[in-house]
Each structure stands twice: as structure tokens, then as C-alpha cells.
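**Student:** Can you read through this structure? Questions will come right after.
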Amino acid sequence: MILIVAEHSGGKLSKSTLEMVTAARGSGREGPVTLLVLGQGVAEVANEAARYVDQVLVGDTAALAQYNAELWAAATTQIAQEGEAHTVIIGGSRSGREYAPRVAVRLDAPYLEDAISLTSEGAGLQAQRYTYLARVTETVRAEGPVVVVTAKPGSFAPAEPLATPGEQYDVDLTLPTSRVTVTGRSVEKSSRVALTEADVIVTGGRGVGNPENFGKYVEGLADSIGAGVGATRAVVDAGWRPYAEQVGQTGKTVQPKAYIALGVSGAVQHLSGMGKSRYIVAINKDAEAPIFKVADYGIVGDINEIVPALIAASKA
Ligand code: FAD
């Protein structure tokens, strides 16, 4: 079987999980596509997961109330062994990349990190991934009875539901006592949707002018339409925005339904992080800007005039 470890938060499957389902379906690997849902009180997540895969395995226990690398690695290894999984797919999130190598070691499996594509190649599994600050895309192939993969978020389109939901099974997990405990947690309150989860993203480039304009135009437009906020590397390097918002080869890869680029030139390193967006809208005062080559809708004009009108229209 192909075993995918579901990522979820707030009782909902993360977009990255649906992306991993697409990676599994397109991988050419045989056997049922299986989602492993770990956590406490995850019945709703499991029901949602069943819409997308052949079967869902549910490890619902108080010990898994909060993410912990030791426990996630132990649970994933156990289920991979019991289900004789030949492919284990884990999210390329910070936590996924923390426990995936542990799973690979325990299964004595080769490990493909940060896959942006996944295909079968003979008996092996082939992935593409970025390397050397994303200046190089390399193709790597792994062989073995079982291969562990992490999927780079935003690299695969989110899966569509199946006509018939898959079966759900509870699993009994034998978990170790974790040696690391989370002793405190403060959650940053943001009403804004996370960049990698957003269906619509508004991204600001250097053409926005300054940090104040970024707040006024990029955040202003994003908030008025319930979108996530992105930034180019030029903006991040200038210290206007945090690295977490950077889109591109050395930032996040995103694939929203709509990507609105304000004052973004469209450098190749930026395009590689958002070029798979379903619709791209660009506003730039330079009609020759490369962003217009990939844009579905383009407005040649000054942000200072156009964006306030857009915000006003979206609130009307
Ligand atoms: P600029 O290229 O300066 O473009 C600004 C645009 O704004 C221009 O097109 C201009 O016409 C327009 N403009 C100006 N004023 C206005 C106005 N008033 N109204 C409307 N339009 C206006 N970049 C990334 O974004 N992400 C990455 O991950 C990334 N990784 C990189 C990795 C490497 C190894 C390298 C070498 C580069 C990388 N870059 C990355 C940088 C990339 O090459 C570009 O320099 C960067 O994307 C440019 O950002 P920008 O579009 O904001 O700025």
C-alpha cells in the first residue's frame, strides 16, 4: 500500500494532505492509497480523509494530542510495517521533515526529501527536487522494498474527492514514552489564511514602494477578499516582510486558485514558485514586465491608483 500521513489542524485536513494524495495517485505505485490520521479527537478529520482515498487508518489517542516527532515516527513506522507499505509519503512541512528521516531509518528505507514530482521508474521511485538554492532541479531515484518521501508543499495540485468514500479502520498503536514534552505554547492570532492553505493569494513586489504601502495595498486587498499574503524575495531581502511570506524557488511553492501579483516583475525564480496557480492576475506599470507572459489577466498601470479602487470595489 501507499501510506500517507495526514496533516491536519483545527479539525480539518490540510491542503498539503490533498497534495500528497495527488502525488500518490500519480506515482504509478500499486496498492490502495491509505491515509493515516494521527491525533486526539480526529473523527471529523478521518471522515473528511475518507472522501479522498481507498482507506483511512485512524490512530486516535490522548498520547497524540499534540505533534511530537518521536511519537509520530513510532506510529508511522508501526503502521508501515504492519501494512507492508512500499511507499510512505509525509508532508514536507517543518514537522514532517523532522520525523520522516526517523521513519526511514527505522524502516531501513531510502529517503527522498522535498519531492516536487513523483513517478515510478522500473522497480524504483523517481522524484524531482530543487537543490543548490533552487538553481538546479535534479532527478533522483530510490529502490527498495519501501521508500520514504516528503512532498514539498504546493508542488502537487490538491486531489479531488473520490465517487465513493474509502473505508475507515481504527488502529492500536504501541507508542513509546516521549522524552520531549511541549511545556508551553502561544499561538499567534491571525485571522488571515496561511499562505500554503490559501485559495487566493495577493503578493506584493518591490513595485509596491515601501512597507507602509505593502500594508495598505497588499494586506488591504488580501483582507478585503479573504486572501493570503505573499512577497517576493526583493521585498523580503529589503526587510519589509518576513521570510515566511516569500514565494519562489527559495521560498514557498504555492498553487492557489487565483494569484494576484502587485508590482512583481515576474523573475524566473519567482515564477517557479507560483506558476502553477490556476489564474494569475498581474498589476504592473511596465507593459513589458515578464509577469504578463504568464498572467491570465493583466492591468498595466500604477498600483497607487488601481489597488485602492479594487479594495473599494471589493467592499461595495
Ligand atoms: P523587481 O524585479 O524590482 O520588480 C518590481 C516591479 O514593480 C517592476 O516590474 C516594476 O515595473 C513594477 N512597479 C514599480 N512601481 C510600480 C507601480 N507604482 N505600480 C505598478 N508596478 C510598479 N525571487 C522571489 O520572488 N522568490 C524567490 O524565491 C527567489 N529566489 C531566488 C533565488 C536565487 C538563487 C536568485 C539568484 C534569485 C532569487 N529571487 C527570488 C530573486 C529574483 O531574481 C528577483 O530579483 C525578484 O523576484 C524580484 O522581485 P520584485 O518583482 O519584487 O522586484
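**Student:** Taking the stretch 138-148 on its own, how many of its residues are surrounded by 11 or more Cβ atoms within 10 Å (Cβ to Cβ) and touching a strand residue (DSSP E or B) at 6+ places or on another chain (Cβ under 6 Å)?
**Tutor:** Here the count works out to 7.
**Student:** Filter the stretch 256-265 down to residues that are surrounded by 22 or more Cβ atoms within 10 Å (Cβ to Cβ) and more than 6 Å from the ligand (Cβ to nearest atom), then give me how many there are.
**Tutor:** 5
**Student:** Residue by residue through the stretch 233-252, note down the ones that are among the aliphatic types (A, V, I, L, M), buried (at least 18 other Cβ atoms within 10 Å of the Cβ) and over 18 Å from Gly209 (Cβ atoms).
**Tutor:** Once the filter is applied, which keeps residues that are among the aliphatic types (A, V, I, L, M), buried (at least 18 other Cβ atoms within 10 Å of the Cβ) and over 18 Å from Gly209 (Cβ atoms), the stretch 233-252 yields only Val247.
**Student:** Does the stretch 160-181 contain at least one residue that is under 30 Å from Ala222 (Cα atoms), of a type in the set (A, V, I, L, M, F, W, C) and modelled with pLDDT under 95?
**Tutor:** No, the stretch 160-181 contains no residue that is under 30 Å from Ala222 (Cα atoms), of a type in the set (A, V, I, L, M, F, W, C) and modelled with pLDDT under 95.
**Student:** Which pairs do you get when a residue that is basic (Lys, Arg), found in the stretch 300-315, comes within reach of a residue that is more than 8 Å from the ligand (Cβ to nearest atom), reach meaning Cβ atoms under 9 angstrom, with the pair 6+ apart or on two chains?
**Tutor:** From residues that are basic (Lys, Arg), the pairs are Lys315/Ser224.
**Student:** What's the number of the condition Ala163 fails, among (1) over 20 Å from Gln78 (Cβ atoms); (2) more than 16 Å from the ligand (Cβ to nearest atom); (3) crowded, with 18+ Cβ neighbours inside 10 Å; (4) not polar (S, T, N, Q)?
**Tutor:** (3)
**Student:** Also, quick follow-up: So is Gly275 under 21 Å from Gly220 (Cα atoms) and more than 6 Å from the ligand (Cβ to nearest atom) or not?
**Tutor:** No.
**Student:** Right, here's the next one. Within the stretch 184-210, can you find the residues that are over 27 Å from Pro158 (Cβ atoms) and more than 13 Å from the ligand (Cβ to nearest atom)?
**Tutor:** Gly184, Arg185, Ser186 - these are the residues of the stretch 184-210 that are over 27 Å from Pro158 (Cβ atoms) and more than 13 Å from the ligand (Cβ to nearest atom).
The values are calculated or read from the model by the stated rules, or taken from the named source; none is laboratory data. Treat the numbers as computed from the prediction; the structure is a model and nothing was measured. FYI the Cβ positions are ideal-geometry reconstructions off the backbone, even for glycines, and counts take in every protein chain you see.
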